[in-house]
Amino acid sequence: MNNWIIIIDERRAGGMLDAARRLGGQVLAAVVGPRALAEDMAKLGFDRVLCFETAEGVPAEAYAAQVADAAKAAEPRLVLASDAPISRTLLGAAAVKLNAALIGTVRALAVNGERIVVSRSAAEGKVLEDVEVQGPLAVIFDGEDIEVSSAQPAPVELIPVGEPGAMLRLVETSESGAESAGMLTAARVVGVGMGLRFREDLKLIEELADAMHAEIACTLPVCDDMRWFPAHRVVGSSHNQIAPDLYIAVGISGQPQHTSGIRDAKVVVAVNNDPEAGIFKKCDYGILGDLYKVVPALVSAFKNIG
Ligand SMILES: Cc1cc2nc3c(=O)[nH]c(=O)nc-3n(C[C@H](O)[C@H](O)[C@H](O)COP(=O)(O)OP(=O)(O)OC[C@H]3O[C@@H](n4cnc5c(N)ncnc54)[C@H](O)[C@@H]3O)c2cc1C
């Protein structure tokens, strides 16, 4: 009985290893990327680490057939991958070869006799569903990441991959013009909601973001209805997921479609003038008050601490 985890970067690797461990059997990392990434994964506590070492200028997707063939030969009961687009592509290829059930937004795994029980979020994150699966299973993992490590790193096994670049080769990388990368990886993010009355009031939010060295994100209506920000600034179920250390939600009601995008934020602070606002049930610290008074006070406080 073995379980495979397809890895293209560190994203959710510890969480996936922990989830797969709950099923029993060996857990193997199939790393598609540089050798250094495979060596990092070896330190997390996988039983085996296979490395499909990517060649310079060849995207990870070029190795989909090799990964799928290797999975087919090993016949794992479970193949996991993170929700990153490239991981999902590789997982899909393996799932087809394995004739496996394919299921997404999975938060946790368990066993019930011969069956795997998959706990996945549904209805925009409002509910969790448990689904029992018989037979091989491919899972897009969307659960929490956790830190894991092992005192005894597994040896890295290099898998011969031939010449995958003949089919797929990166020919050019250029700036896309989108600014979202900063927001996606920022340690601090200020989220703007419909509590803001006028476009000019964005000055307030910019001052706060400057004072706390943060990026700015927004809710869907601030983008779609008000047109104050482009779509790549929207956080939530239909757009971006972010995981900053600190998220300050300003004038945001806390609908699940938005808060599902900040599920992995470490600390959430909400500023809202409605004591009944749902965001107050989903934040670590709530400031009940008019944002036009609270935000300038926060700007001064952040300026004082530098
Ligand atoms: C299929 C689908 C997908 C969706 N996907 C997303 C998504 O990815 N991301 C997303 O964000 N939304 C998404 N939505 C929309 C979502 O359901 C909510 O409508 C949206 O998140 C609400 O945005 P908001 O909190 O800015 O506005 P509102 O719900 O209008 O909240 C504004 C808040 O500001 C507060 N406020 C008002 N004045 C002040 C003041 N002076 N001081 C302090 N607080 C004040 C109010 O009390 C209120 O709580 C989706 C909806 C659907 C149907």
Counted residues in segment 1-18 being open to solvent by 10 Å² or more (accessible area, probe 1.4 Å) and not β-branched (Val, Ile, Thr) come to 7
The condition from (1) out of contact with any Cys (no Cβ under 9 Å at 6 or more places or on another chain); (2) at pLDDT 85 or above that Ile159 misses is numbered (1)
Residues located in segment 216-272, provided they are under 24 Å from Tyr292 (Cα atoms), in contact with a Ser or Thr (Cβ under 8 Å, 6 or more places away or on another chain) and at pLDDT below 90: none
Looking at segment 42-66, which of its residues are open to solvent by 50 Å² or more (accessible area, probe 1.4 Å) and either within 21 Å of the chain's Cα centre (by Cα) or outside the structural domain of Glu157 (by TED's automatic domain parsing) (or both)? Glu61
All conditions in (1) in contact with a Phe, Trp or Tyr (Cβ under 9 Å, 6 or more places away or on another chain); (2) near the ligand (Cβ under 7 Å from one of its atoms) are true of Leu204 except (2)
Among the residues listed as Arg120, Arg77, the single one being outside the structural domain of Ala243 (by TED's automatic domain parsing), closer than 16 Å to Arg12 by Cβ and in contact with a Gly (Cβ under 8 Å, 6 or more places away or on another chain): Arg120
For segment 171-211, give me the residue count where each residue is open to solvent by less than 100 Å² (accessible area, probe 1.4 Å) and at pLDDT 85 or above. 22
Name the residue, out of Cys283, Cys218, that is within 11 Å of the ligand (Cβ to nearest atom) and closer than 24 Å to Gly143 by Cα. Cys218
Of the residues in segment 19-39, those that are surrounded by fewer than 18 Cβ atoms within 10 Å (Cβ to Cβ) and outside any loop (DSSP other than H, G, I, E, B) come to Arg21, Gln26, Arg35, Ala36, Glu39
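A quick yes/no check of all residues on (1) surrounded by 21 or more Cβ atoms within 10 Å (Cβ to Cβ); (2) within 12 Å of the ligand (Cβ to nearest atom); (3) not small (Gly, Ala, Ser):
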{"site": "Ser238", "(1), (2), (3)": "no, yes, no"}
{"site": "Ile242", "(1), (2), (3)": "yes, yes, yes"}
{"site": "Gln257", "(1), (2), (3)": "no, yes, yes"}
{"site": "Val269", "(1), (2), (3)": "no, no, yes"}
{"site": "Pro275", "(1), (2), (3)": "no, yes, yes"}
{"site": "Leu288", "(1), (2), (3)": "no, yes, yes"}
{"site": "Ser300", "(1), (2), (3)": "no, no, no"}
Within the set of pairs 6 or more residues apart or between chains, which connect a residue that is acidic (Asp, Glu) inside segment 250-279 to a residue that is more than 8 Å from the ligand (Cβ to nearest atom) and modelled with pLDDT under 95 with Cβ atoms less than 6 Å apart? Asp264/Ala243
Where the second residue is open to solvent by 10 Å² or more (accessible area, probe 1.4 Å) and assigned to a strand (DSSP E or B) and the first is without any contact (Cβ under 8 Å) to a residue 40 or more places away in the chain and assigned by TED's automatic domain parsing to the domain that holds Glu157 and lies in segment 14-41, which pairs have Cβ atoms under 6 Å and are six or more apart or on separate chains? Gln26/Asn2
Among the residues in segment 87-101, are any in a strand (DSSP E or B) and surrounded by fewer than 20 Cβ atoms within 10 Å (Cβ to Cβ)? yes
Condition check for Ser150: away from the ligand (no atom under 16 Å from the Cβ), open to solvent by less than 50 Å² (accessible area, probe 1.4 Å), not hydrophobic (A, V, I, L, M, F, W, C) and not assigned by TED's automatic domain parsing to the domain that holds Leu291: yes
Condition first: under 18 Å from the mean Cα position of the chain (by Cα), charged (D, E, K, R), farther than 17 Å from Arg21 by Cα and modelled with pLDDT of 90 or more. Can you find one or more residues in segment 121-142 that meet it? no
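The values are calculated or read from the model by the stated rules, or taken from the named source; none is laboratory data. Remember, predicted model here, so these are calculated numbers, not experimental data. Cβ atoms come from the backbone with ideal geometry, glycine included; neighbour counts cover every protein chain shown. Ligands, DNA and RNA are excluded from the accessible area calculation, which covers all protein heavy atoms including side chains. Shrake-Rupley method; radii C 1.70, N 1.55, O 1.52, S 1.80 Å.
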